[in-house]
Structures are given as structure tokens and as C-alpha cells.
Amino acid sequence: MKIFRTKENLTEHLHILRNEGKKIGLVPTMGALHPGHISLVEASKSLCDITVVTIFVNPTQFNNKEDLLKYPKPIEHDQEMLLNAGADILFNPETEEMYQENEGWDYEVGYLNTVLEGAFRPGHYKGVTQIVFKLFDLVKPDYAFFGEKDYQQFLVIKKMNSDLNLGIQLMGCPIVRENDGLAMSSRNVRLNPQEREIAIQIYKSLLFAKANFNNLSLSQLQQEIQQFYKNDLLDLEYFEIVNPDNLKTIDKPHPERAIALVACTVGTTRLIDNMMLP
Ligand code: AMP
């Protein structure tokens, strides 16, 4: 696995590979890798000749300074995981390599930025689209792989890809979970044993919504769901059941397709998860 820290060296190397006709897959991450990230590497390897993984904790997408400061950075562990997974290239730049001071970014994603994560984390998708655009522009991948764990982020990136005619094939990969159902996340390491145990309520509430979607009304479901979060360690930000194509409100009782999306703070750690219904 080749490791690059500068855009120049990465570009030079990719130029050669592209001229050899290699199909390039990009897996953007913020590191602290777990099997969820590795599933994206595997998906890329199955479709592409070269898999480029980026590890960059992107400051512009953090609306909470403390969250950014606390973000884990186990780079040696990450390199080992990527080596074992068979990634071809790791790009791991410093912040100064990716941003100039006071750099602007004008792209507006519209409605998707006004709901759920967009509403609860002001500026988050501005930062996400800014860095993903930079990485797309740098790597010029044929395919890029994203986890459905960050479902709204995937919709945002699909919209940017289409709005700006970037022409990249975007692939969404299923959520990888712990044995008890908790969605894997780099933030899970921050949970103490008590919080880790109660965090399973998020998955249980999603399973309940899935099992009861066809026999309860949306307002009944919402009422029942609140019971799962009656614990001092849990602070539910939202639990919404919406149209999976555009995250808009569902206007008929039991549609064939819907998605439940949830954000919840467990102790001081904010977690998100989702599940397709019914
Ligand atoms: P992050 O490092 O958290 O920015 O995530 C990098 C990529 O990995 C994103 O596309 C995430 O959606 C994806 N990802 C994170 N956790 C999981 C998971 N549990 N299952 C599948 N994909 C994931």
C-alpha cells in the first residue's frame, strides 16, 4: 500500500495509473477505522482496479469544536487495517494541505440541508460537500463508496454529483453493525460500559418501527418510539420516518418505501442510525 501526504505526489501517481487504464475507486473516511469502513474498501476492490482510501478529519464539517478535538486518530491501527484489507493507496494529508486560510465554498445543497442532520448540525453539509468535492477533484475516481449509515450524507453527495455534473458512479453500502445491532461508528469508543449497553435502544427502536410500520399510524409509532428513549443517559434529537428518496414527509398512511432516521446523544456522544421500512 502506498501512502501519500501531499496532493502533488498523489496526483502524479494517479496520473500514471489512469494512463494505464486502471479503474479507480475512492473511499473517503475520517479514520478510526472499523469493519464498516472496511466493507467500503471491499466493495471498491470488487469493482475497481485501484482503491484509494482517504483519512482526513475534516475541520469544516464539525459544528462542535469539542467533537473535532476529541475525534480519535489511531493512524497506525488504521494503516494496519487498510493493509490487511488490500487497499492500494492511502491519502492522509494535514489540514494545511487541504485548505487555505479562510477558503470559501459556495455550493448549496438546498432542502436536504434544512432537515434532520442539516437542521441539527448547521454548516455540516457545507463542510462535507466542500471536502468531498476537493477529494473528487483530486482523485478523479470512476467510483466512490459511501456508507448508508450516513444516509442523508449519501443523498447530499448524490445531489452534488448530479448538480455539478461530476459524473462519478456513487455506491451506497449497507450499514455494518456490532453483534447486538449497534451501528459501528468511530465514536462508539467514547461510550463507557453503561452507555454502550443503553445505546442498543437506538437499534431496538428502529426494529420496532420496522415491525410495526404497517399496523400503526405514524403518530402512534412516534408515541411508542419515545418509550425506547426514556433513560437519563439518552437524549433523542429526532426520530423521523420519511420518504427515502428525498427525506420529505410521508403523505399516505402505509407507503411501500419509507426510512426511519434517528439521532440520539448517549451520555455526551452523539450517534446516528437508520433503517429502511417496512
Ligand atoms: P466516517 O469516517 O465516519 O466519515 O465514515 C466514512 C465512511 O464510512 C462514510 O461513507 C460512512 O457512511 C461509512 N461508514 C461509517 N460507519 C459505517 C458502518 N457502520 N457501516 C457502513 N458504512 C459506514
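Quick note: the coordinates plus some simple rules give every number you see, no bench work behind them. Treat the numbers as computed from the prediction; the structure is a model and nothing was measured. Don't worry about glycine lacking a Cβ; one is built from the backbone with ideal geometry, like all the others, and counts go over all protein chains shown.
Where does helix 35-47 land angle-wise versus the long Cα axis of the chain, in degrees 0 to 90, nearest 10? On a 0 to 90 degree scale, this one is about 50. The Cα-based radius of gyration and maximum Cα-Cα distance (Dmax) for the chain are 19.2, 58 Å.
Reported to the nearest whole Å, the Cα centre-to-centre distance from the stretch 204-278 to the stretch 152-185 is 19. Taking Cα centre as origin and charging only the Cβ of basic (Lys, Arg, +1) and acidic (Asp, Glu, -1) residues, the dipole magnitude of the stretch 4-120 rounds to 340 debye. Using just its DSSP H runs of length 4 or more, each adding -39500 (n - 2.57), the chain gives a mean residue ellipticity at 222 nm of -11500 deg cm²/dmol after division by all residues.
Dipole orientation for the stretch 73-209: of the candidates PRO141, SER185, ILE89, SER185 has the Cα lying most toward the positive pole (charges on Cβ; Lys, Arg +1; Asp, Glu -1). Taken along the Cα-to-beta-carbon direction at a fixed 7 Å, the label points for ASN246 and VAL189 span 4.1 nm. Bridgeable aspartates and glutamates around LYS22 (alpha carbons under 15 Å apart, same-chain partners fewer than 8 residues away excluded): GLU12, ASP49, ASP88, ASP142.
Inter-part distance, the stretch 91-146 to the stretch 36-83, computed on C-alpha centroids, equals 15 Å. Taking the Cα centre of the stretch 46-104 as reference, the dipole from Cβ charges on Lys and Arg (+1) and Asp and Glu (-1) amounts to some 240 debye. Pairs LYS45/LYS158; LYS126/LYS230; LYS70/LYS230: which are spaced more than 25 Å apart, C-alpha to C-alpha? As for pairs spanning more than 25 Å Cα to Cα, those are LYS126/LYS230; LYS70/LYS230. Dipole orientation for the chain: of the candidates PRO35, THR11, TYR107, PRO35 has the Cα lying most toward the positive pole (charges on Cβ; Lys, Arg +1; Asp, Glu -1).
Dipole magnitude for the chain: computed about the Cα centre from +1 point charges on Lys and Arg Cβ and -1 point charges on Asp and Glu Cβ, it is near 420 debye.
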